[in-house]
Amino acid sequence: MAEKILLKGNEAMAEAALRAGCQVYFGYPITPQSELIEYMAKRMPEIGRTFLQAESEVAAVNMIYGAACTGTRVMTSTSSPGFSLMMEGVSYIAGANLPAVFINVVRGGPGLGDIQPAQSDYFQGTKGGGHGDYRLIVLSPATIQEAVNMMFDAFDLADRYRNPVLIIADGLLGQMMEPVELPDFITPDRIPNHEGWALRGKGSREQHTITSFDLDPVKLEEMNLKNYETYQKIQENEVRYEEYLMDDAEVAFVAYGTMGRILKTTIRLAREAGIKAGLIRPISLWPFPEKPIREAAEKVKMVMSVEMSMGQMVEDVRLAVSGKVPTPFYGRTGGIVPTPTEVFEALKREWEALV
Amino acid sequence: MKGIVAFKRPDALTSKEFTYCPGCLHGVAHRLVAEILDEMKLTDQTIMVAPVGCSVFAYEFFDVDGTVAPHGRATAVATGIKRSLPDRVVFTYQGDGDLAAIGTAETIHTANRGEKITTIFINNAIYGMTGGQMAPTSLVGMKTTTSPYGRKADSEGYPIHVCELLQNLNGVAYLERVTLLTPRDIITAKKAIKKAFTAQVRGLGYSLVEIVSTCPTNWGLSPVESLEWAKQKMLPEFPLKVFIDKVGDVK
Amino acid sequence: MNRPVQKYHSTIISGFGGQGVMLIGQTLTSAAMMEKLYVTWIPSYGPEMRGGTANCTVVIDETPIGSPVIDRPTDVIAMNIPSLLKFEKTILPGGTLLLNTSVIDREPTRADIRVYRVNAGEIAGKIGSDKVANMVILGAFVGITRVVSLESVRLALEKKIGEKRPELLAMNLQALKAGENAIAGQ
């Protein structure tokens, strides 16, 4: 077992990405993810990888598009306003079936917002953000170790499905320190070479072309339907979630990322007070873990969503629950992180109203 | 008796027929680039980035690996490709709206970084594909569908001079403005394109060839009239010139 | 290994920017990691840093940590008056408040917590530098709570500053020990 070391979330994700085979990084500084780009700037030249600070997020995402066209493992990291700027490029990358990894260390919004932790980019990540019929695979870690392991998963998923993967973290996870164990660098043979489609100069083969468009609507529909076949496979195979104390739960919390983690302490307070609470923590936000939530709704009295937003994921929770039990919501916005006690108080109010 | 090949399609072009309007000079520009790729034996190792605009399908005409960038972002996409595969030849092919309006930031910063790529810049002072709207290079007084009363300097500003802007950036290795109005112009343009790719192959920095071109369809002129109009109106505004040459003599 | 009496500790360490509160927290975090405990460290950052206090929160446990965000800490280290005003009221009953009396010249009001006082500035001055006041405080905190052993803190500190500034290490270690001694009678 490798020795544990103490790392900030942003640094840990950066180092893990490199160990997961990220060869090229393009990005633009923005708080609260700047440690990530700074880490890449320092570390990548040391190990013979390529780092470039772009002139904007718009340029960065298109550099990602270019690098992804060559079948090279490539990523960027940004925070909310920066990810908004990348949306056009993300749509192109999805439309062109290119593998790439994005990290959005979410901060308070809308607009310039602030630099405190938030989860108010859930809609943007899971419901589009950019234009057109496309899906991102969206993952969200709750601990730094999970974030580290997720980087490997993210690159593998991007390559396997030729689809961009988005990791939604938040300012708290980015700034937090926690002991982590870093997996070894993966060996090059574990990275698919994409010889069959990548742009590398045609040599003696036929030319390869990569586009995200077809002006013939019949053909574009075919293209989109083919993408949706891939999305369906992703939904069947790549749902990830954690259940915590759900066996005897009467209340199921649903929360992801940092909020999911905070709720574990709330649940301890609730159980001490005699409320049997448990947690379903979506790890993949898309595909959304609809099934375990639907099944939980058959046996609990209430499914309560908690978010660092005014309520975005809660819409997916309510779709899954389909009105079987009450689905209250508690959230704070603008960069306020709900505390364990505060959520416990909210739970008590909802619970007392119910029983 | 054995025939001799006097004229043939360059290997760097596919057999697909050009879909450009009658009299459009894209075909000439494509052919010149393809001839240079063949002559320099670069075709097999070249990756091209087509823009959004009339030449959005350029990747279908060039028989090289290729993609289409979002509008204005061709040099950023090319940067991503080149940084991933530094030993390949990468070029962008862009129009005036793409390169000098929506993509201005990418153009300037790619040039300033001295990105080892080549840009072929077609300046015909109008948006072709979307139907004749005003371009950043449209001439003062020029009527377009979005400047129906003629471009007015006091509200829409003056035509932007891309080469004159870029010539102050240290990252640029080759920069020339040419045109394709006469056979002599075409010979000059071909030499410029060769120098631009030579700059890239030698790793000297960014290279750009601006081609002052025409748009008979959206200018509302016949192909022959277009050539004359370009000569009378465009060339005084966009004088032909070698702005930067760090390549030197090329055989 | 010297196991802490109380396994779970959630500690808010707060003071002015420049008092080294982040380093107190990180050193404590490293020491906990060396003892193979679960631990999280979160800083206040951004606008929170301006004015009143800079603070960080360290949670240490023997089982995986739920919330790294703590509104009711078991312990507070207050390095200045705004920190005392802000965090005294949040401490869990029976919890610990450690005051840096070289800056704080007033008394806490709660009777249901244990209060310790260390004149860190004066002790640090005697050792040779005001800058090691933070390590005096950390030594005192470890002495009070025994959440980790002083030996682990020493190792953590060696790793943290020993590599870059070995000349400062001896003074910091002296400060730790002096801090532990300072709460001996309390």
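Every number in this text was worked out from the coordinates using simple rules, so none of it is lab data. In this text, all values refer to a predicted model and were calculated from it rather than measured experimentally. No Cβ is skipped: glycine too gets one built from the backbone with ideal geometry, and neighbour counts run over all protein chains shown.
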Cα gyration tensor of chain B - equivalent ellipsoid semi-axes, whole Å, descending: 27, 22, 17
Two-site label geometry, C:Asp105 and A:Phe185: point separation in nm, points 7 Å out along Cα→Cβ: 5.9
Aspartates and glutamates with Cα under 14 Å of C:Lys7, excluding same-chain neighbours fewer than 8 positions away: C:Glu35, C:Asp61, C:Glu62, C:Asp75
Anisotropy class of the range A:150-225 from Cα gyration tensor, a/c 1.5 cut: oblate
Label point distance in nm, C:Lys7-B:Ser222, each placed 7 Å from Cα along Cα→Cβ: 9.4
28 Å Cα-Cα threshold exceeded, pairs from A:Lys8/B:Lys82; B:Lys152/B:Lys195; A:Lys264/C:Lys86; A:Lys219/B:Lys16: A:Lys8/B:Lys82; B:Lys152/B:Lys195
Test item: Cα-centred dipole of the protein assembly as shown, Lys/Arg +1 and Asp/Glu -1 on Cβ, debye: 1080
Folded to 0 to 90 degrees: helix A:34-46 orientation relative to chain A principal axis, Cα: 40
Distance from the range B:175-230 to the range A:17-94 (C-alpha centre basis), Å: 35
Protection-proxy order for peptides C:106-115, B:87-96, each taking the mean of Cβ atoms within 10 Å per residue, highest first: B:87-96, C:106-115
Vicinal HN-Hα couplings computed from phi for the range A:128-140 (Karplus, 6.51 cos²θ - 1.76 cosθ + 1.60; Hz; Gly/Pro x): x, x, x, 8, x, 7, 8, 10, 9, 7, 10, 10, 9
CD proxy at 222 nm, helix term only [per DSSP H run n ≥ 4: -39500 (n - 2.57); per residue of chain A; nearest 500]: -13000 deg cm²/dmol
The range A:1-87: C-alpha gyration tensor shape, a/c 1.5 cut-off, then a/b vs b/c: oblate
Estimated FRET transfer efficiency (A:Trp197, A:Ser56; beta-carbon r; R0 22 Å; 0.05): 0.20
Helix runs (DSSP H) in chain C reaching 15 Å along axis by Cα, Kyte-Doolittle at least 1.6: C:133-145
Chain A - Rg over Rh from alpha carbon coordinates, Kirkwood radius: 0.99
The range A:273-290 and the range C:81-129: distance between their alpha carbon centers, rounded to Å: 40
Cα-based reach from A:Lys324 at 18 Å (exclusive), listing lysines while leaving out same-chain residues under 8 positions away: A:Lys291, A:Lys299, A:Lys301
Average beta-carbon neighbours from other chains, 10 Å sphere, peptide A:164-177: 3
Tensor-based shape of the range A:97-227 (alpha-carbon gyration tensor, a/c under 1.5 rounded, otherwise prolate or oblate): oblate
Vicinal HN-Hα couplings computed from phi for the range C:35-45 (Karplus, 6.51 cos²θ - 1.76 cosθ + 1.60; Hz; Gly/Pro x): 8, 6, 8, 7, 7, 10, 10, 10, x, 7, 9
Test item: B:44-50 mean partner chain Cβ contacts at 10 Å: 5
Helical mean residue ellipticity (222 nm; -39500 (n - 2.57) per DSSP H run of 4+; nearest 500) of chain B: -8500 deg cm²/dmol
Gyration tensor (Cα) of the range A:293-355, equivalent ellipsoid semi-axes in angstrom: 21, 15, 8
Distance between modelled label sites at B:Lys2 and A:Leu319, nm, 7 Å Cα→Cβ extension: 7.0
Isotropic mean projected area of the C-alpha convex hull, the protein assembly as shown (nm²): 41.9
Nearest 10 degrees, 0 to 90: helix A:217-237 Cα axis against chain A principal axis: 50
Exposed-loop-free span, longest in chain A, where GluC sites (Glu not before Pro) count as exposed if DSSP calls them loop and at most 12 other C-beta atoms lie within 10 Å: A:4-180
Dipole of the protein assembly as shown, positive direction: furthest Cα of A:Ser77, A:Ile280, A:Val218, with charges on the beta-carbon: A:Ser77
Euclidean distance of C-alpha centroids, the range A:300-334 and the range C:150-165, integer Å: 46
Gaussian network model of chain C, Cα within-10 Å springs - most flexible of C:Glu167, C:Glu35, C:Glu88: C:Glu167
Alpha-carbon Rg with Dmax, taken over the range A:242-354, Å: 12.4, 34
Highest-fluctuation residue, A:Thr339, A:Thr258, A:Thr143 considered, GNM on chain A with Cα pairs under 10 Å: A:Thr339
The range B:146-251: chymotrypsin sites (Phe, Trp or Tyr not before Pro) falling in loop per DSSP and having at most 15 other Cβ within 10 Å: B:Tyr149
Rel. contact order, % - alpha carbon contacts under 8 angstrom, at least six apart, the range A:5-237: 25
Shielding by partners, peptide A:336-342 (average Cβ within 10 angstrom, other chains): 4
Most mobile of C:Gly20, C:Gly125, C:Gly66 in a GNM of chain C (Cα contacts under 10 Å): C:Gly66
Estimated FRET transfer efficiency when R0 is 25 angstrom, pair A:Asp248-A:Arg349 (beta carbons, to 0.05): 0.65
